[in-house]
Amino acid sequence: MSRKSFLPALLVLFALLLAACGGGATPAVAPEFTATTAPQATATSAPPTPTPIVLVDGLGREVVLAEPATRVVALSTSITESLFAIGAGDQVVGRDDFSTYPEEALQVESIGSLFGELPAEAILALEPDLVIAAETIAPEQVTALEGLGLTIFWQANPINFDDLYANLREMAVLTGRGEQAEALIASIQARVAAVESALEGAEDRPLVFVELDATDPDNPYTVGVGTFLDTLLALAKSENLGARIDSPWPQASSEFLIDQNPDVILLADADWGITPEAVAARAGYDTIAAVQNGQVFPIDSYLTTVPGPRMVDGLEIIAALLHPDLFE
Amino acid sequence: MKSVQVKELCLAYDGFQVVKGVDFTVAPGEVLGLIGPNGAGKSTLIRALSGVLPIQSGEVWVDGTDLGTLSDSQRARLIAVVPQAEPLGGAYTVRQAVMMGRTPYMNWMGNPGPRDQAFVKRALEFASLADLAGRRIAELSGGEQQRVLLARALAQDTPILLLDEPTSHLDLQHQINLLSLVRRLAKENHLAVLLAMHDLNGVSLCADRVALLVDGRLVALGAPDEVLTAENIAAAYRAQVEIIAHPRYGTPLVLPLQD
Amino acid sequence: MRLFSLTFAVLLAALILSVVLGAVWISPVSVLQIITDALPGVELSEVWSAAHAAIVLDIRLPHAILIALTGAALAGSGAAYQGLFRNPLADPYLIGVASGAGLGAVAAMAIHWPTELWNLYLIPAAAFLGAMLTIWLVYQLAKVRNIVPLTTLILAGVAVGSFASALTSFLMLRSDAQIYRAISFLLGGSPLTGWDPVLAVLPYVILGLGSLIFFGHPLNVLQFGEEQAKQMGVSVERVKIYVIVIASLTTAAAVAFSGVIGFVGLIVPHLFRLLGGPDYRKLIPLSIIGGAAALLLADMLARVLLAPSSLPVGIVTALAGAPFFLWILRRAKREVFW
């Protein structure tokens, strides 16, 4: 055959091989992904019933449990924290290396880091009846775990409190902790409402820049639209400078920062040694209103970026920093 | 026993007309010396005859076969080339390298049969390489490396043999050795040999006929004393020489004159 | 012949160790029992846990075979490339397979696929496609009528490869949190488990490597230069095309499922050239077997060193490969092996 037709022929051959293999792969538990427009679960908030639990997860997969899970492996910091917060801590048999809150979680066996290849062996060895995965787990990894006979429930990261409540309710149904979950949700709602009402009289809407990462101090990373922290900033009656850049995790140049002149700078990278003094000393930053008025504050990165129940703590902290006169 | 006939051969290379309408024949058992100044087209001619360079116009025939109709493998059974020694393939042993000359006859995996072994053995003996058969080429001297290339061409068992500046990097002893080997090959095995060389005196001693190539044209073709004349050399090389007869063999000796 | 037997023995040992060792401790006896029981027609009374059986049969065994196939593909193609390009620095990624595969994979990762289109093989297929398109582009750029000058091919490969890498980095930075997923692929690692990836890769590797073995002799002759090879009757341009296409296909298939693993394709052929000589008829098969063994050993280290987490295997091959390369260099100064 001529050289020109060689390549397309190979591609067709590969496509056929793919189709043949793809058709043969039937995972043990969940059927093929079904198309859904609303990825969130359609669960109820009532206490669990002994009938089989059927939920649709964030990838549109239908997940079935005969009864609430008693051996759960949590594959993210926020999921571990959430499970403990709804009282399902005793049902958690595995967590990842970065799940370090609450302190009881440290007693749970870690299956290692989620970076790179999933530690499938460690997960299997724990013989879980449920694995709850967050957005860092890729769809092919979910299918891979399914192929090993595991039941996996995938949740998208919440970007606002309603998403968080929905995720908590899903976890509650899966672990039979409906009552505790509702109590937790109620308390969070109350605290959010308290912040909102305190801010009703707020006259100003400061322009805020949140610095997530300044490995390159001339081009720090911030948060944009589509993140929980952006939601917190909105709830705290402020304007997120990062929202002016078109990306959920945008990189802002120093020039942009100086030009836009934010009123407040929040340092979510304070845990990694960035101090307000260091920021103020950066070239050109002395013209920024936030620096001139001493409005550069370190904030706890966990409480403001881990999308779990303690985001409300983060909200309270940010609101107090931005409107100190309304929070004594 | 075959002869090679070149008919009105024209060769172009990188847009330049390098060889312009060359005609000659080399008979079996004959050594034809190809001489000419740098850039005259000697190497180009050898490369075209061996199939490496495409022919612009004209034909090359080996007896009744037009080389243009042959595949690489078929051509390799008719024509073998002894190139100038280069450092390539130094990690192979002498025997491995000479065995590669049998490529046109061996199977795809290059596994030698008894005939191939026999040819290689004969070639190694002819080139006095039997003792060095297990040595790596890179460890040999320049003269020995050139003999390996000769043995490899021999193993290829072709009626036509082309040599492209085979003595350029050799010292006197090895030059003499190689040229006498070539002459023996032609006479004993009835090969048609085309020998392109700078060394005019070497050609004179070794060749039956000489062809003088200047600027891509064959300006003289005949016995050594007919071609190696002071006028021809002066015109071709723009160098003044005096020609005397070799004291022992009577062949023309080219003696350079200073300006 | 002794070298073949020795290398094969190392391969067997590596395979066995790969199945016995892992993040979770399972006794070798159990492993043996599990595997024996899995053989058709054999029934042992089950004294092991279902989890252990799943680990051995669904994780370790197919993973070991996939890694072995990948190592074989990389080293075999690497040897062929070194022979074709007559360049000791040649590796299977020389003309852009890795960059193309990386771009394909990361591009597929950057798209938010609607669930009805999602397929497990989407990313490997995209990687494979990226690799083959890159090779085709490089070939088109380098060829002059019907001839492919090797130096031009390398230069075109470097240029296109750099461009693809830059695009890949750009995509990685722009696409939210997909960076980890992309880095995993680029450092070498297979997110797919089970037997399906093995079955998908198998035909390419078997056919590809099987064909490359037949090019041992032409590659030998090519070491004396393209002109001399042609004068000895080798159809040089055809050999070049075939070796490039077959080696690229084989490498692309391996990379599609195992990510970009470096050093194996470069070092293993050199090692066997040093031990067994320059004859490509032996070198290619030796590299195939040795490459499988080497990558299995590297993968074992990657899985065990930081258990239960695993290092990307590409990091282990680089860390182990670099000092190894230096050792080869020192040997090379003392004897002729290239």
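Since every read-out is calculated from the coordinates, none of them should be taken as a lab result. These numbers come from a predicted model, not from an experiment. As a convention, Cβ positions derive from the backbone with ideal geometry for all residues, glycine included, and neighbour counts pool all protein chains shown.
Antiparallel DSSP bridges in chain B: what percent, to the nearest 5?
60 percent
Could you tell me which chymotrypsin sites (Phe, Trp or Tyr not before Pro) in segment C:15-93 are loop residues by DSSP with no more than 12 other beta carbons within 10 angstrom of their beta carbon? It would help to have the intermediate numbers written out before the result.
On the way: sites: C:TRP25, C:TRP48, C:TYR81, C:PHE85, C:TYR93; in loops: C:TRP25, C:TRP48, C:TYR93.
The qualifying sites are C:TRP25.
Please give the helix B:142-155 orientation as an angle from the longest Cα principal axis of chain B, in degrees from 0 to 90, rounded to the nearest 10.
70 degrees
I need the phi-derived Karplus couplings for segment A:115-123: 6.51 cos²θ - 1.76 cosθ + 1.60, θ = phi - 60°, integer Hz, Gly and Pro marked x.
With the stated coefficients, segment A:115-123 comes to 6, x, 5, 5, x, 4, 4, 4, 5 Hz.
Distance between the C-alpha centers of segment A:286-302 and segment B:218-259? Whole Å please.
95 Å
Taking only Cα atoms and a 10 Å spring cutoff, compute GNM fluctuations for chain C and point out the largest among C:VAL221, C:VAL260, C:VAL243.
Its mean-square fluctuation being the largest, the pick is C:VAL221.
Please give the net charge around A:ARG191, taking every other residue with its beta carbon less than 13 angstrom from that of A:ARG191, where Lys and Arg add +1 and Asp and Glu add -1. Before the final figure, lay out each step's value.
Working: positive: A:ARG310; negative: A:GLU196, A:ASP313, A:GLU316.
Taking every Cβ under 13 Å from that of A:ARG191, the sum is -2.
Provide a whole-number value for the mean count of partner chain Cβ atoms within 10 Å of the Cβ atoms in peptide B:44-56.
Across B:44-56, the average partner-chain Cβ count within 10 Å equals 2.
Which of the aspartates and glutamates could a cross-linker bridge to A:LYS237, judged by Cα under 15 Å and excluding same-chain residues fewer than eight apart?
Once the sequence-local aspartates and glutamates are set aside, what remains near A:LYS237 is A:GLU196, A:GLU200, A:GLU203, A:ASP204, A:ASP263, A:GLU316, A:ASP325.
Can you flag which of C:LYS240/C:LYS333; B:LYS42/B:LYS187; B:LYS7/C:LYS230; B:LYS42/C:LYS282; B:LYS42/C:LYS230 are past 28 Å Cα-Cα? Don't jump to the answer; show the numbers that get you there.
Values: C:LYS240/C:LYS333 30 Å; B:LYS42/B:LYS187 23 Å; B:LYS7/C:LYS230 23 Å; B:LYS42/C:LYS282 39 Å; B:LYS42/C:LYS230 19 Å.
The answer is C:LYS240/C:LYS333; B:LYS42/C:LYS282.
Between segment A:166-222 and segment C:26-54, what is the C-alpha centre distance in whole Å?
Answer, in whole Å: 49.
Taking B:LYS121 as the anchor, which aspartates and glutamates have their alpha carbon closer than 13 Å to its alpha carbon, excluding any fewer than eight residues away along the same chain?
Partners within reach: B:ASP131, B:ASP157.
In degrees from 0 to 90, rounded to the nearest 10, what is the angle of the helix B:172-189 Cα long axis to the longest principal axis of chain B?
The answer is roughly 80 degrees.
Grab the other residues whose beta carbon is less than 15 angstrom from that of B:LEU140, score K and R as +1, D and E as -1, and report the net.
On the way: positive: B:ARG95, B:ARG135, B:ARG136, B:ARG147, B:ARG152; negative: B:GLU86, B:ASP131, B:GLU139, B:GLU144, B:ASP171, C:GLU335.
The answer is -1.
Once both axes come from the Cα atoms, what is the angle between helix B:114-126 and the longest principal axis of chain B, in degrees from 0 to 90, rounded to 10?
For B:114-126 against chain B, the angle is about 40 degrees.
Please list, ordered by chain and number, the residues whose modelled amide H lies under 5 Å from the amide H of B:GLY21; skip anything fewer than 5 residues away on the same chain.
B:LEU9, B:CYS10, B:LEU11
Sorted from fewest to most neighbouring beta carbons within 10 Å, what does the list C:PHE325, C:PHE224 look like?
Values: C:PHE325 14, C:PHE224 24.
Ordered by Cβ neighbours within 10 Å, fewest first: C:PHE325, C:PHE224.
Given H placed 1.01 Å from N in the peptide plane, which residues other than close sequence neighbours of A:TRP154 have an amide H under 5 Å from its amide H?
Result for A:TRP154 returns A:GLY58, A:LEU59, A:ALA133.
Using the Karplus curve 6.51 cos²θ - 1.76 cosθ + 1.60 with θ = phi - 60°, work out ³J(HN,Hα) for each residue of segment A:140-154 in order, rounded to whole Hz, and write x for Gly and Pro.
5, 6, 4, 5, 4, 5, 4, x, 8, x, 8, 9, 10, 10, 9
For segment C:74-88 and segment B:88-142, what is the separation of their C-alpha centers, rounded to whole Å?
Using only Cα atoms to place each centre, the spacing works out to 23 Å.
What is the set of long-range amide H partners of C:ALA90 at a cut-off below 5 Å, with H atoms built 1.01 Å from backbone N?
Under 5 Å from the amide H of C:ALA90 lies no amide H from a residue far enough along the sequence or on another chain.
Sorted by packing (mean other beta-carbon atoms within 10 Å per residue), highest first, where do A:266-272, C:95-101 land?
Numbers: A:266-272: 19.1, C:95-101: 30.3.
Descending packing order for the listed peptides: C:95-101, A:266-272.
List, in order, the whole-Hz ³J(HN,Hα) value for each residue of segment B:191-203 obtained from phi through the Karplus relation with A = 6.51, B = -1.76, C = 1.60 and θ = phi - 60°; use x for Gly and Pro.
For segment B:191-203, the Karplus curve yields 7, 8, 10, 10, 10, 8, 8, 7, 6, 5, 6, x, 4 Hz.
Among rounded, prolate and oblate, which fits segment A:156-259 when a ≥ b ≥ c are the square roots of the eigenvalues of its C-alpha gyration tensor, a/c under 1.5 means rounded, and a/b larger than b/c means prolate? Working shown, then result.
On the way: a/c = 3.67, a/b = 1.69, b/c = 2.17.
It is oblate, given that a/c is not under 1.5 and a/b is not larger than b/c.
Within chain B, what's the longest stretch lacking trypsin sites (Lys or Arg not before Pro) that sit in DSSP loops with no more than 13 other Cβ atoms inside 10 Å? Display every interim value, and only then the final one.
Details: sites that count: B:ARG238, B:ARG248.
Segment B:1-237 is the longest.
If a/c stays under 1.5 just call it rounded; otherwise compare a/b with b/c (prolate if a/b is bigger, oblate if not). Do that for chain C, with a ≥ b ≥ c from the square roots of the Cα gyration tensor eigenvalues. Present the calculation step by step, with values, prior to reporting the outcome.
Values: a/c = 1.92, a/b = 1.29, b/c = 1.49.
Oblate shape, in that a/c is at least 1.5 and b/c is the bigger or equal ratio.
Which of B:GLY134, B:GLY216, B:GLY36 moves most in a GNM of chain B, Cα contacts under 10 Å?
B:GLY134
Just want the answer: with Cβ charges of +1 for Lys and Arg and -1 for Asp and Glu, which residue in B:LEU179, B:HIS190, B:ALA207 is farthest toward the dipole's positive end in segment B:127-259?
B:HIS190
For chain C, set up a Gaussian network in which alpha carbons nearer than 10 Å are linked by springs, and say which option among C:GLU46, C:GLU226, C:GLU116 fluctuates the most.
Comparing C:GLU46, C:GLU226, C:GLU116 in the GNM, the peak value goes to C:GLU116.
If I require 18 Å or longer along the helix axis, counting alpha carbons, and a Kyte-Doolittle average no lower than 0.0, what helices from chain C are left? Use full DSSP H segments. Numbers along the way, then the final one.
Values: long enough: C:2-20 (27 Å, 2.32); C:61-85 (36 Å, 1.23); C:97-110 (19 Å, 1.64); C:122-142 (30 Å, 1.79); C:150-174 (36 Å, 1.62); C:196-213 (26 Å, 1.82); C:236-258 (32 Å, 1.47); C:280-304 (35 Å, 1.22); C:313-334 (32 Å, 0.92).
For chain C, where a helix must reach 18 Å along its axis and average at least 0.0, the hits are C:2-20, C:61-85, C:97-110, C:122-142, C:150-174, C:196-213, C:236-258, C:280-304, C:313-334.
What aspartates and glutamates does B:LYS20 reach when the alpha-carbon gap must be under 13 Å and sequence neighbours fewer than 8 apart in one chain are set aside?
B:GLU8, B:GLU59, B:ASP215
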